[in-house]
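Written out below as structure tokens is the structure these notes cover.
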Amino acid sequence: MHKENQIYIFDMDGTLTPARLPMTKEFAAWFRAFAAGNAVYIVSGSDAAKIKSQLPEDIFNGVDGIYASMGNEFYKKGETIYRKDFEPEPRLIAVLEEYRKNSSYPGRFFSNYIERRCGMLNFSVLGRDCPYEEREKYKFWDDKYGERINMQRELKKNFPGLDISLGGHISLDIVPDGYGKEQVAEHLRAMHRRGKIIFAGDRTEKGGNDYTLAHRLRRLGNSKIVKVRNPQELIKKFSGRYDKTKKFACK
Ligand code: M1P
């Protein structure tokens, strides 16, 4: 039985796992113990296939729910509960193509730069099929020259019906208004009418892709937002919040 007076929801990349990398064995052991005695959900901008590639199978299927593609797909115990759709207007695709063509990034470019996911688009000038070292290079360059922030600002101005957030390190997440992570707040609250919702994410600041959910939860009340920089910090902040005698398999 869970302690229903507290409901936990965790972002994945940068919070439960290193960005775009699998959850470590040590972290998984800690997380299983934590999830055994608590109501636990995971939310990510990544689609279900990517989440599955980063989480051990028992964790994907064992937690109380997984919100993928910013909450546009929801899974419970491995079963699909809902999926939403979004058809981007051709003008948006044309603008993204232009960004890619005219980028001043001096490094190499890769394929899969506009990724269509359930209810959203992920756009990366660099291209999602890049090797890990190339994403580090792009991130370093982008932190200095602000390419993503500039594109985000322009897109917001030119496409008022869309919400654009900085993805993890190399991309922008693009959703129609209402299709962002904030939708998870009401869905979760509808399932858990009482109880404090505790959300931990690494990008809860304005413009970050955890911000809209953090903001909506604050407005709904009876919630707490915890910003963490990485999985190690999450363990530090959340240790002591679980019953060490409970077993994850018994959920
Ligand atoms: O989960 C955080 C983000 O992870 C990836 O971001 P990036 O490739 O930019 O590091 C993407 O899957 C993004 O959609 C997601 O929000």
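The values are calculated or read from the model by the stated rules, or taken from the named source; none is laboratory data. Not measured: the values here are computed from a predicted model. Here Cβ is always computed from backbone atoms with ideal geometry, including for glycine, and neighbour counts include all displayed protein chains. Accessible surface areas use protein heavy atoms only, side chains included; no ligands, DNA or RNA. Shrake-Rupley method; radii C 1.70, N 1.55, O 1.52, S 1.80 Å.
Please report, to one decimal in angstroms, the Kirkwood hydrodynamic radius of the chain built from all distinct Cα-Cα pairs.
Kirkwood hydrodynamic radius for the chain: 18.6 Å.
Measuring with a 1.4 Å probe in the full set of protein chains, what accessible area per residue, in whole Å², belongs to segment 116-251?
49
Roll a 1.4 angstrom probe over the protein heavy atoms and tell me the percent of accessible area of segment 98-207 that is carbon or sulfur.
Whole-percent figure for carbon plus sulfur exposure: 50.
If you count the DSSP beta bridges with both ends in the chain, what percent of them are antiparallel, to the nearest 5?
Around 50 percent antiparallel, to the nearest 5.
What size of dipole, in debye to the nearest 20, comes out for segment 78-182 about its Cα centre when the only charges are +1 on Lys and Arg C-beta atoms and -1 on Asp and Glu C-beta atoms?
Magnitude of the dipole: close to 200 debye.
Take every DSSP beta bridge with both residues inside segment 5-80 and express the antiparallel ones as a percent of the total, to the nearest 5.
Taking every DSSP beta bridge with both residues in segment 5-80, the antiparallel ones total about 35 percent.
Roughly how many Å is it from the Cα centre of segment 191-251 to that of segment 100-122, as a whole number?
What the calculation gives is 30 Å, centre to centre.
When the chain is treated as a GNM, springs tying every alpha-carbon pair under 10 Å, which of Met12, Met70, Met191 comes out with the largest mean-square fluctuation?
Met191
Using a Gaussian network model of the chain with C-alpha springs under 10 Å, which one of Gly207, Gly65, Gly178 is most mobile by mean-square fluctuation?
Gly178
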